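The values are calculated or read from the model by the stated rules, or taken from the named source; none is laboratory data. Just so it is clear, the structure is predicted and the values come from calculations on it, not from any experiment. All Cβ positions, even for glycine, are placed from backbone atoms using ideal geometry, and neighbour counts span all protein chains on display. The area values use the complete protein model at the heavy-atom level, side chains included, leaving out ligands, DNA and RNA. Shrake-Rupley method; radii C 1.70, N 1.55, O 1.52, S 1.80 Å.
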Amino acid sequence: MGVVEAEALHGAVEALAGSLQPHVATAFFVFSACTVALAALLAVVRLRPPWWCDCTVCEAYLTASWAGEFDNLCDWYAHLLRTSPAQTVHVHVLRNVLTANPVTVDHVLRARFDNYPKGAPFSAILADFLGRGIFNVDGDAWLFQRKLAAAELSSPALRAFAARVVASELRCRLIPLLHSASREGNGKVLDLQDMFRRFAFDSICKISFGLDPGCLELSMPVSTLVEAFDTASTLSARRATVPMQIIWRLKRFLNVGDERKLRDAVRLVDALAAEVIRQRRKLGGAATGSDLLSRFMGSIDDDKYLRDIVVSFMLAGRDTIASALTAFFLLLSDHPEVATAIRDEVARVTGDGNRTMAATFDKLKDMHYVHAAMYESMRLFPPVQFDSKFAAGDDTLPDGTVVAKGTRVTYHAYAMGRMESVWGPDCAEFRPERWLRDGRFVPESPYRYPVFQAGVRVCIGKELALMEMKAVIVAVVRSFDIEAIARSSRRPKFAPGLTATFAGGLPVRVRRRRARASGHNPPI
């Protein structure tokens, strides 16, 4: 009996050992990989690469001591650039030269454009999220997407269609939502940032993809997938703040921490993009085929490539517009006199403050003060706070800064809007009048105001975006007073991301206005 039991026990032990063997091997492999990576990291630190330094800027960056004085990294960078004689600083541990000098911006974006592509390091950072989309490629891939998109965006038919979409979204969704909130008195609080994101998402889906998001057949709510989009944007941007790429690459290889969250988020983004493509194909000949996605589908037979294009246009059409509108109404809450001036111009230009939205659309181009207020808002709060290129070869910037091959060069639009050397002693003030000459809007050089980039890569969707933002501002400002709660444009707090996002959103209270003469509510 004892022998039988011993043999049974021996067999059980062997079976258990056999089942555990793969897990033990995996654990040993992970431990070995971590050990090798740690040894390599320590070796790099001991070797002290040529770009490593102990300067006060790098020390402040690595220890995050800047956070003791500044709420946001972008504000610290703005401070450094303001106090630099050349308006250029070098963060050596990032191999990153930052500038707020218009002459240097012109050099990078125009004069030496060929020497400053997006570059492989930048593409690697955003590859999981943006893939081969227009914002993450150079050369022929970029030129191909740009030509197709530019041809469609410049079409009068698409611009007219876009105006109809925006008018419909305002009339049927955004304005009724604000009316509903205003009827609930002081107790109703809206997150204006979230509301503008939803509005912009619906609009870009209709304009760029010819689809209403409500028609998508998804296994989970659209809101869940859009939240994943935000997560992917945030975590992708966080990669760029890591001093050495090996750190996030190792996490990605091991599928741990932020990299695991990013992979999960991208998987959901992929599902959203795949459904957009599937629905576009399903519509087939029944659709007009005049949207951006249809044009690309006519030339591309690679769903992964199409996915990257869909995600890029979502980023451009949703995040940037929502960011600009959110910042605008935060500023307006602190400057009610600007809201009054906008209402006066709308009434003057339309000839009747009670005209319908469709009639007002035709007059948007004549509203110079509104246009100036938009530009002034984006001067202080650009939707994309900075943009980076990587030097393809050695160079010397106009301010004398030596740039080695492979160095990241960043022009900082957020900092440029706060430079006395660029905008004068009142650069911190929200003053739309600075853009007006004899009551008419007069633009500045795009190298002083690179909110829409400049040179060869200037934003091709600029006019469409301005039309959408202008329409929203006119419709909302003439009908409502928007009051920000516990938020101020004088001390904003940003969340990390590829576009400027206010941490915690923008909680507001909405009050419906009464028409001055008739006492009736303004129409929508």
Query raised in the report: Which far-off residues, 5 or more places away or on another chain, put their amide H under 5 Å from the one on ASP399, with H placed in the peptide plane?
Result: none
**Report entry** Nitroxide proxy distance, nm - points 7 Å out along Cα→Cβ at VAL442 and ARG512
**Finding:** 4.3
Query - Highest average packing first - 368-380, 337-349, 297-309, Cβ atoms within 10 Å - result: 368-380, 337-349, 297-309
Query - Size of electric dipole in the stretch 453-513: Cβ of Lys, Arg +1 and of Asp, Glu -1, about Cα centre, debye, nearest 20 - result: 280
Query raised in the report: Can you list the HN-Hα couplings for the stretch 83-95, worked out from phi with the Karplus curve (6.51, -1.76, 1.60; θ = phi - 60°), rounded to whole Hz and with x for Gly and Pro?
Result: 8, 8, x, 8, 6, 9, 9, 10, 8, 5, 5, 9, 6
Query raised in the report: When the solvent-accessible surface of protein heavy atoms is calculated with a 1.4 angstrom probe, in what order do MET416, MET244 fall, highest first?
Result: MET244, MET416
Report task. Run the quick spin-label model on ALA64 and ALA124: label points 7 Å from Cα toward the beta carbon, then report their separation in nm to one decimal. Result -> 2.5
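Please give the contour-minus-distance gain from GLU227 to ASP362: 0.36 nm per residue of separation, less the Cα-Cα distance, rounded to one decimal in nm.
45.1 nm
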Query raised in the report: Quick one: if the Förster radius is 60 Å, what FRET efficiency do ARG183 and ARG110 give, using the C-beta to C-beta distance and rounding to 0.05?
Result: 0.70
**Report entry** Pairwise label distance in nanometres, THR241 with ASP191, each label 7 Å out on the Cα-Cβ vector
**Finding:** 1.9
Requested in this report: With all protein chains present, calculate the accessible area of ILE246 using a 1.4 Å probe and round the result to the nearest 10 Å².
Outcome: 80
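In Å², and per residue, what accessible area does the stretch 60-512 have when probed at 1.4 Å with the other protein chains present? Write down the numbers at each step before the final one.
Details: 18250 Å² over 453 residues.
Computed with neighbouring chains in place, this is 40 Å² per residue.
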Report task. Give the long-range amide H neighbours of THR501: residues separated by 5 or more places, or on another chain, with amide H under 5 Å away, using H modelled in the peptide plane at 1.01 Å from N. Result -> ALA495
Query raised in the report: Relative to the present Cα-Cα distance, how much length would full extension add between ARG491 and ALA151 at 0.36 nm per residue of separation?
Result: 118.3 nm
